[in-house]
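Visitor: Quick one: the structure is below, questions incoming.
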Amino acid sequence: MSRNQKKLVIFGAGEFATLARFYFTQDGVREVIAFCVDDDQKSSGSLEGLPVITFSQLIREYPPAEFDAHVAVSYTLLNQRRQEKFQQLKEAGYKLASYICTKSVFWDDLQVGENCFILENQTIQPQVKIGDNVMIWSGNHIGHGTQILDHSYIASHVVISGHCEIGKRCFIGVNATLKDFTKVGDDCVISMGANVTKNMIEGSVAVQESASIHGPDHRLSRTIKRSYFGIKQ
């Protein structure tokens, strides 16, 4: 950890917050010294051996001139709550730290905004731009020339092909695929496994039909087991 970097307070006290602390600490990026919650939430005293403070205490005890912050809350209300907390801390004067896992592949021209949380095993190609407050879970492909706008959330094993544009506050589920040059408007939802081959207007939802599941005695089940695996029933 660089001696010149400020110590870090994480806003949140749930699973996302403890994961953020793990990655910031284990990857040698920042020293996390406290967790923070809203004023109307009771402080639990401590979490993982660190103090849990309210927002009012944060301003008094960890002022923005001396400490940085990171918002680590989920995609509740289609990322609106995370956006609200991001803006609240920015207005209070905090610099919001981003995390990019060192166990990912990306190029020197990658542009990343504040308060991003980008986990391991990403393949991020050249000329990619990622806005503020974007969460990208593990194991994704982000194609060259793609732009991901503010406050969006991308789950794991998503393929975003080249020159796509993802709008603000979008949610993209596990194993979704986007065709190259696709534009996704603000506040869109792309469900798990969906294949998006055309543009989506603001507020759209793309849904992949669930797989058909057949019992062990179904004719198709027997045929597949026999033909591909040599199992005779």
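Visitor: Within segment 134-156, does at least one residue satisfy the condition of being of a type in the set (A, V, I, L, M), touching a Cys at 6+ places or on another chain (Cβ under 7 Å) and not assigned by TED's automatic domain parsing to the domain that holds residue 24?
Guide: yes
Visitor: Kindly check whether there is at least one residue in segment 63-72 that is small (Gly, Ala, Ser), within 28 Å of residue 138 (Cβ to Cβ), without any contact (Cβ under 8 Å) to a residue 40 or more places away in the chain and surrounded by 17 or more Cβ atoms within 10 Å (Cβ to Cβ).
Guide: No: zero hits.
Visitor: Something else about it: So which residues in segment 73-89 are surrounded by fewer than 17 Cβ atoms within 10 Å (Cβ to Cβ) and either of a type outside the set (A, V, I, L, M, F, W, C) or closer than 22 Å to residue 29 by Cα (or both), if there are any at all?
Guide: Passing the criteria: 74, 76, 80, 81, 84, 87, 88.
Visitor: Next up: Kindly indicate the residue of segment 187-198 that is surrounded by 19 or more Cβ atoms within 10 Å (Cβ to Cβ) and touching a Lys or Arg at 6+ places or on another chain (Cβ under 7 Å) and also nearest to residue 142 (Cα to Cα) among those meeting that condition.
Guide: 196
Visitor: Filter segment 137-156 down to the residues that are of a type outside the set (Gly, Ala, Ser) and assigned to a loop (DSSP other than H, G, I, E, B) and list them by number.
Guide: Across segment 137-156, the qualifying residues are 137, 140, 144, 146, 149, 150, 151.
Visitor: Of the residues in segment 186-221, how many are modelled with pLDDT under 90, among the charged types (D, E, K, R) and either in the same structural domain as residue 163 (by TED's automatic domain parsing) or not in a loop (DSSP other than H, G, I, E, B) (or both)?
Guide: Total meeting the criteria: 0.
Visitor: Yes or no: residue 133 surrounded by 19 or more Cβ atoms within 10 Å (Cβ to Cβ) and outside any helix (DSSP H, G or I)?
Guide: For residue 133, the condition - surrounded by 19 or more Cβ atoms within 10 Å (Cβ to Cβ) and outside any helix (DSSP H, G or I) - is met.
Yes/no matrix, rows are residues, columns are (1) farther than 21 Å from residue 148 by Cβ; (2) not assigned by TED's automatic domain parsing to the domain that holds residue 38:
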| residue | (1), (2) |
| --- | --- |
| 53 | yes, no |
| 69 | yes, no |
| 76 | no, no |
| 84 | no, no |
| 106 | no, yes |
| 117 | no, yes |
| 122 | no, yes |
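The values are calculated or read from the model by the stated rules, or taken from the named source; none is laboratory data. Given the structure is predicted, the values throughout are model-derived calculations rather than measurements. Using ideal geometry, Cβ is built from the backbone for each residue, glycine included, and neighbour counts are taken over all protein chains shown.
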